[in-house]
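First the structure, in the form of structure tokens, and then the observations on it.
The values are calculated or read from the model by the stated rules, or taken from the named source; none is laboratory data. Keep in mind the model is a prediction, meaning the values are calculated, not measured. Heads up, the Cβs are rebuilt from the backbone with ideal geometry, glycines too, and the neighbour counts pull from every protein chain shown. In case anyone asks, the SASA skips ligands and DNA or RNA and just uses the protein heavy atoms, side chains included. Shrake-Rupley method; radii C 1.70, N 1.55, O 1.52, S 1.80 Å.
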Amino acid sequence: MEIDIDQIIYWEWGFLKLNATLLFSWMVMLFMVGISMVITRNLTSKTGMSRGQALLESLVVLIEDQIEEATGEKAEKYLPFISTLFLFIVVSNTISVIPGFHAPTASLSTTAALALCVFVAVPVFGITTAGLKNYLRYYIEPTPLMLPFNIIGELSRTLALAIRLFGNIMSGSLIVAILLSLTPLFFPVVMQAFGLLIGVIQAYVFAILALVYVASAGRIRKHKNQSESNNNYSNHQTT
């Protein structure tokens, strides 16, 4: 059993290579798009909806509830990005139970790409909500000396997201491989079931952390407005 799926090459032509990471990442994306197209093809608001639509709506409501509980805000702003992250990671983590398939998230390049998406999304949500000036000002508050520390904090949490997801999924594959060589009947089945649970949990943890990061960036204006209101109130009282 190969542990580093980046080294599994299916097709090569010159400097172009198709490895397991690329292949199964695209397979996950195509699978998600195909399922979405099939389920949403005949949407209805009546009671006689299909099982697929009912399942999809239940999943959307569940994700919305989790977003609103974590942020205290309406979920519409964060739902597309967070739900896409969560569903992609869930499918990627669980695809390895199919013989011959490899989890794309067992590759550091995939988890790094997902973490990079979060890294880019944080300033996008922050600037959209607070404005460019207020968002950039956040990095030098309460003193400009905090600028390098805030930048290091952004980079370190992005690295932590990538390493955490990669380490948990790769270690699960490694444990299954070891048990398969020692006891090829019972324990690998148990560990595969346990791996499914871990895969869902890791997808939830990644999505929640991403949500916390982007939501905290969007609250800069709120805190700034509260501070300005308090200052105006204090000035009024003094006057």
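Quick notes on this one:
- Low-density loop positions, GluC sites (Glu not before Pro), the stretch 1-102 - DSSP coil, at most 13 other Cβ in 10 Å: 2, 76
- FRET efficiency, residue 208 to residue 156 (Cβ-Cβ, R0 22 Å, nearest 0.05): 0.75
- With Cα atoms as the point set, the stretch 86-171 shows a radius of gyration and Dmax of 16.7, 55 Å.
- Coupling constants for the stretch 56-69 follow from the phi torsions by the Karplus curve (6.51 cos²θ - 1.76 cosθ + 1.60, θ = phi - 60°), and in residue order they are 5, 5, 4, 5, 5, 5, 4, 5, 4, 4, 5, 5, 5, 5 Hz; glycine and proline get x.
- Share of carbon and sulfur in the accessible heavy-atom surface of the stretch 1-109 [1.4 Å probe, %]: 65
- Taking all Cα pairs closer than 8 Å and separated by 6 or more residues, the relative contact order of the stretch 1-115 comes to 28 percent.
- Added length on full extension, which subtracts the Cα-Cα distance from 0.36 nm per residue, residue 8 to residue 62: 15.8 nm
- Distant-in-sequence amide contacts of residue 103, defined by a placed amide H-H separation under 5 Å and a gap of 5 or more residues or a different chain, comprise 96.
- Between residue 43 and residue 149, the distance separating the two model label sites (each 7 Å from Cα on the Cα→Cβ line) works out to 4.7 nm.
- When you filter the trypsin sites (Lys or Arg not before Pro) in the stretch 51-99 for DSSP loop state and at most 15 other Cβ atoms inside 10 Å of their Cβ, you are left with 74.
- Residue-by-residue Karplus 3J(HN,Hα) for the stretch 113-129, coefficients 6.51, -1.76, 1.60, Hz, glycine and proline x: 5, 5, 5, 5, 4, 5, 4, 6, 5, 4, x, 4, 5, x, 5, 4, 7
- For residue 17, a cut-off of 18 angstrom between C-alpha atoms picks up these aspartates and glutamates, skipping any fewer than 8 places away in its own chain: 2, 4, 6.
- Under a 5 Å amide H cut-off, with hydrogens placed 1.01 Å from N, residue 19 pairs with 10 among residues at least 5 apart or on other chains.
- Residue 69 versus residue 51: modelled label distance in nm, points set 7 Å from Cα along the beta carbon direction: 2.7
- Applying the criteria of a DSSP loop state and at most 13 other Cβ atoms within 10 Å to the chymotrypsin sites (Phe, Trp or Tyr not before Pro) of the stretch 1-55 yields 15.
- Along the stretch 140-151 the Karplus relation, 6.51 cos²θ - 1.76 cosθ + 1.60 evaluated at θ = phi - 60°, assigns HN-Hα couplings of 10, 9, x, 9, x, 5, 7, 4, x, 5, 5, 5 Hz to successive residues, with x for each Gly and Pro.
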